[in-house]
1. So which residues in the stretch 292-307 are surrounded by fewer than 21 Cβ atoms within 10 Å (Cβ to Cβ) and either part of a helix (DSSP H, G or I) or not polar (S, T, N, Q) (or both), if there are any at all?
2. Name the helices (runs of 4 or more DSSP H) wholly inside the stretch 179-265 in which the number of residues that are under 23 Å from G367 (Cβ atoms) and out of contact with any helix residue (DSSP H, G or I) (no Cβ under 6 Å at 6 or more places or on another chain) is 3 or more.
3. Looking only at the stretch 206-236, filter to residues that are crowded, with 20+ Cβ neighbours inside 10 Å and aliphatic (A, V, I, L, M); which one of those is farthest from R347 (Cα to Cα)?
4. Looking at G44, G70 in this structure, which one is within 21 Å of the chain's Cα centre (by Cα), of a type outside the set (A, V, I, L, M) and either within 15 Å of the ligand (Cβ to nearest atom) or modelled with pLDDT of 95 or more (or both)?
5. Looking at (1) closer than 21 Å to L439 by Cα; (2) more than 16 Å from the ligand (Cβ to nearest atom); (3) not in a strand (DSSP E or B), which is the only condition I159 fails?
6. Considering only residues that are in a helix (DSSP H, G or I), away from the ligand (no atom under 16 Å from the Cβ) and in contact with a strand residue (DSSP E or B) (Cβ under 7 Å, 6 or more places away or on another chain), which ones fall in the stretch 96-146?
7. Looking only at the stretch 395-429, count every residue that is in contact (Cβ under 8 Å) with a residue 24 or more places away in the chain, in a loop (DSSP other than H, G, I, E, B), touching a Gly at 6+ places or on another chain (Cβ under 9 Å) and not aliphatic (A, V, I, L, M) and tell me the total.
Amino acid sequence: MSRLIIVSNRVALPTDNKPASGGLAVGLLGALEQSGGLWFGWSGDIVSGSRAASGPLVQHRNGVTYATVGLSRRDYDQYYKGFSNAMLWPTFHYRIDLARFDRKEYAGYRRVNNLLAQQLIPLLEPDDVIWVHDYHLLPFADALRAAGIRNRIGFFLHIPFPAPQVLTTIPPHEDLVKAMCAYDLLGFQTHSDLTAFRDYIEREAGGSVAPDGTAKAYGQVVRGGVYRIGIFPDDVAAQASRPENRKPVLELKQGLAGRKLIMSVDRLDYSKGLVERFRAFERLMEMSQSRQGDVSFVQIAPPTRSDVHTYQQIRERLEYEAGRINGRFSSLNYAPIHYLNRGFDHRMLMSLFRASDVGFVTPLRDGMNLVAKEYVAAQDPADPGVLVLSCFAGAASELSGALIVNPHDIDGMAEALDHALSMSLPQRQARQRENLAALHRYNLGAWRDDFLTDLYACPIVAVDATDSAVPQASASALA
Ligand code: F6P
């Protein structure tokens, strides 16, 4: 069996006290353990320019090999903070109002992709299969191909892929999509993401999409598919009912003094719709006097990317909103919103989900949103909470038992909260069964195995007489 090489911007290196946690890491590590291979990417450290260029640090942990590199300050600023998170992230989440383009940052983005590719190449063997993750690395295969690498290379986009009208606001959009076509297989979270990519190929790139979904553009052939990322629901259920967490959960329940609990957990990101969510909770209080003092809302939002200006802005805004709403509705022994800017142990979060009455997950746009899936898996089947979920999260297409809301409709969200809080036990159980069945139908293992099966089935790239790389099986079609 070919070795598997996983490439991602950040590498979650387990330590002795902190084993790999989080579904994705566990799912990918499972694949690496089966096939051998390594996980390559940024260590998360900013280092001197000479150290950044000195080659990857290779380490073995729990039977898996990790190869990590540091980034110089300039590379971090241009590639990660700049083009990835100040241009691609907002645009791919349909926030072109927050996007900021800078040519130097784009040059840095391409340069770092090349640099990372050069650092990976000495570690590669001819038969390796390479699986690249996320928007930081759109041109990674292009960089490998330019250096003569002919291995199978697949890419999975964890975030949405925008419609051509939005994508084309990125000045070098054509360069980016052309580079994406150097992959053998592109994986998207939802059909609308895949459709957006194909629309671009046909309408902007002048390419074509065959009935089997294969896209041809810029003299290249690329397959595309939908692979809905999932979780391992039984593992989450086990975490949620850990006896170790009983004490903190009891303490929380005591503090609530019989009040209902609405819970949300997100990275502190403007794409998560937190301002609208706070306002919907406020509207719930306004709508019904009886809800005042009767329900608490816990929003956990650990800060990320805090050196990016738009993230500083959203943080200030949320502090203002939480303070304003609490000022309006608090009493001496009750504060409606508990807004916590820190991370919690994943297992503890799952127990908190289980103890809550409503999971409130309302991103303005999200690739999939695994928090929604975890909320469902963490519930007690005998007395489950209700998921209120944004129609703009990829998970909405699977979790038909959720109350689906439009996060721009504050009244609609408040009504859904009210409905969720007063739903009967049989209704909650029926919705829970429906959602849980969806999680079991397509779990994280199925996502990973489907993607890898399709990637292994891609024809190996051959080099023709004119030295342009073409997949062997499709060479005649292109000629
Ligand atoms: O969901 C997109 C993503 O970039 C993930 O790949 C990553 O784990 C997460 O957001 C956190 O982002 P960052 O690495 O920028 O903190």
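1. Start the filter on the stretch 292-307 by keeping residues that are surrounded by fewer than 21 Cβ atoms within 10 Å (Cβ to Cβ), which leaves 292-294, 298, 300, 302-307.
Of everything in the stretch 292-307, those that are surrounded by fewer than 21 Cβ atoms within 10 Å (Cβ to Cβ) and either part of a helix (DSSP H, G or I) or not polar (S, T, N, Q) (or both) turn out to be G293, D294, V298, I300, P302, P303, R305, D307.
2. Working: elements: 191-199, 233-240, 246-256.
Answer list for the stretch 179-265: 191-199.
3. Among those residues, the one meeting the criterion is A217.
4. Answer to the selection: G44.
5. All conditions pass for I159, except number (2).
6. Within the stretch 96-146, Q119, L120, L123, A141, L144, R145 qualify.
7. Counting residues in the stretch 395-429 that are in contact (Cβ under 8 Å) with a residue 24 or more places away in the chain, in a loop (DSSP other than H, G, I, E, B), touching a Gly at 6+ places or on another chain (Cβ under 9 Å) and not aliphatic (A, V, I, L, M) gives 3.
Per-residue answers, yes or no, for (1) within 16 Å of the ligand (Cβ to nearest atom); (2) more than 29 Å from the chain's Cα centre (by Cα):
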| site | (1), (2) |
| --- | --- |
| L268 | yes, no |
| S271 | yes, no |
| V275 | no, no |
| A280 | no, no |
| E286 | no, yes |
| R291 | no, yes |
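The values are calculated or read from the model by the stated rules, or taken from the named source; none is laboratory data. The structure presented is a predicted model; accordingly, all values stated were derived computationally and were not measured. Every residue, glycine among them, receives a Cβ derived from its backbone with ideal geometry; neighbour counts consider all protein chains shown.
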